[in-house]
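Only the coordinates and a few stated rules stand behind these numbers; no lab work does. On a predicted model such as this, the values are computed, not experimentally measured, just so you know. Note: ideal-geometry Cβ built from the backbone for every residue, glycine included; neighbour counts use all protein chains shown.
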Ligand code: HEC
Ligand code: HEC
Ligand code: HEC
Ligand code: HEC
């Protein structure tokens, strides 16, 4: 008798769990975005049939770059010029027919520039702050810190790329303010020992950064690499105040010597993009076929 009751009980439990899975699958967030996309597309191409296109998880797989990006599951319109005036996540990608055409989505995917969790298919997991993530999703303008993964020549003094204005401004400010007096920065050709080397800091994982930085003075609720750098540029002594009030004189350390330049928000953002762009080629390890041939930006556009 007891066996029968238990059996019935477990059967109901399994049915119940199955029901939950079916429900969650049928109401998955991405499905709503995808069906809305198809409804919009049906209007654009004037074919009502399109609205009933089957829904499926889209994926751009690239074994050489070791990526499987599902961003286009929701961002269905990124490659469609007709969606320029639609809201996110349907909008046409900025500069689609310009320099972006040199980085075809079907070849490189999205996370090679935007980082984030390519495999996730919920807004929370792709866009939210996720601590275990190697790299946090980068939106404009911070996504410009990805260009140097492949375009090493970006730091050369006689070069200006209008596609990455904040990065260009950050590089200019770094030269003007003389960061190289204290920091070794290979990209700018500076060698100094007063402060930590910055040459590969942009290739650190989110976790590696988190573990060795003190976030207790950070005001942003986002405890990320970006948030720390931004607030540190605004007021270095607030974020790294030292420990002059320690009871034991041996434990006392002075506040950081990094100057507070009274930077504007725009300048602070530009310098944050700059430090996030400082990459270690060996860590990034982008295979040859995905690296640009070394022609200068202007030469390239001359022949376009
Ligand atoms: C579940 C659907 C979904 C997935 C998957 C998704 N996104 Fe989004 N994305 C959205 C929505 C909705 C918005 C607009 C609302 C917002 O900003 O959160 C958006 C906005 C964005 C923006 C603009 C944000 C801003 O602040 O201007 C970027 C950039 C972006 N997504 C990149 C990505 C990348 C890269 C991936 C893959 C790693 C991805 N998205 C995966 C739904 C999605
Ligand atoms: C070559 C690098 C690169 C690749 C690859 C790339 N993006 Fe972008 N993306 C950018 C840059 C740079 C911007 C900001 C452009 C601007 O503001 O003019 C941007 C902007 C966006 C925006 C607009 C919101 C914002 O942050 O301004 C969305 C959404 C977006 N990308 C999604 C995607 C998705 C989805 C993919 C993959 C299908 C992708 N991107 C692939 C570099 C890239
Ligand atoms: C995965 C590596 C990779 C990343 C990341 C990348 N690019 Fe490129 N880029 C390329 C390749 C490959 C080409 C093609 C060059 C060619 O056709 O010879 C290219 C070409 C270009 C060109 C044409 C001019 C030239 O010098 O070849 C521009 C402009 C450009 N990229 C801008 C950007 C910007 C801005 C970003 C950051 C938002 C970026 N790229 C990120 C690989 C990359
Ligand atoms: C007078 C010397 C000095 C100058 C000039 C200086 N810094 Fe620093 N910087 C330091 C010291 C010391 C530290 C370590 C203590 C701290 O985090 O504040 C530091 C820390 C940093 C960090 C954090 C490093 C890490 O490991 O997280 C970044 C990023 C940084 N500086 C960027 C810059 C940039 C960009 C400039 C130029 C605009 C600059 N610094 C100019 C002394 C300097």
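Comparing 169, 229, 49, which has the greatest mean-square fluctuation in the GNM of the chain with Cα pairs linked when under 10 Å apart?
Per the Cα network of the chain with a 10 Å cutoff, 49 tops the list.
For the Cα atoms of the chain, what angle does the longest principal axis make with the long axis of helix 165-177, in degrees from 0 to 90, nearest 10?
Compared with the principal axis, the helix lies near 20 degrees.
For region 152-304, just the Cα atoms, rotate onto the principal axes and tell me the three extents in Å, largest first.
67, 32, 31
If you scale each eigenvalue of the Cα gyration tensor by 5 and take the root, what three semi-axes come out for region 88-233, rounded to whole angstrom and sorted largest first?
Working: eigenvalues 140, 103, 32 Å².
Calculated on Cα positions only, the semi-axes equal 26, 23, 13 Å.
Would you please calculate the Kirkwood hydrodynamic radius of the chain over all C-alpha pairs and express it in Å, rounded to one decimal? Present the calculation step by step, with values, prior to reporting the outcome.
Values: mean 1/r = 0.0443 Å⁻¹.
Answer for the chain: a Kirkwood hydrodynamic radius of 22.6 Å.
Most mobile of 109, 79, 63 per a Gaussian network model of the chain (Cα springs, under 10 Å)?
Fluctuation is largest for 63.
For region 7-165, count all C-alpha to C-alpha pairs, find those more than 27 Å apart, and express that count as a whole percent of the total. Could the numbers behind the result be given before it?
On the way: 4634 of 12561 pairs.
Of the Cα pairs, 37 percent sit more than 27 Å apart.
Among 70, 135, 293, rank each residue by its count of other Cβ atoms within 10 Å, from fewest to most, as a rough exposure measure. Mind showing how you got there, number by number?
Numbers: 70 22, 135 19, 293 5.
Going from least to most buried by this count: 293, 135, 70.
Mind pulling the angle between the C-alpha long axis of helix 225-234 and the longest principal axis of the chain? Nearest 10 degrees, somewhere in 0 to 90.
For helix 225-234, the angle is close to 40 degrees.
Taking Cα pairs under 8 Å and at least six residues apart, what relative contact order does the chain come out at, in percent? Don't jump to the answer; show the numbers that get you there.
On the way: 385 pairs, mean separation 42.3, N = 304.
Here the relative contact order equals 14 percent.
Given the DSSP H assignment, sum -39500 (n - 2.57) over each helix run of at least 4 residues in the chain and divide by its residue total; what's the result at 222 nm in deg cm²/dmol, nearest 500? Intermediate values should be presented prior to the final figure.
Numbers: 12 runs with 111 residues, N = 304.
That comes out to -10500 deg cm²/dmol.
Output the 0 to 90 degree angle, nearest 10, between the alpha-carbon long axis of helix 2-26 and the longest principal axis computed from the alpha carbons of the chain.
60
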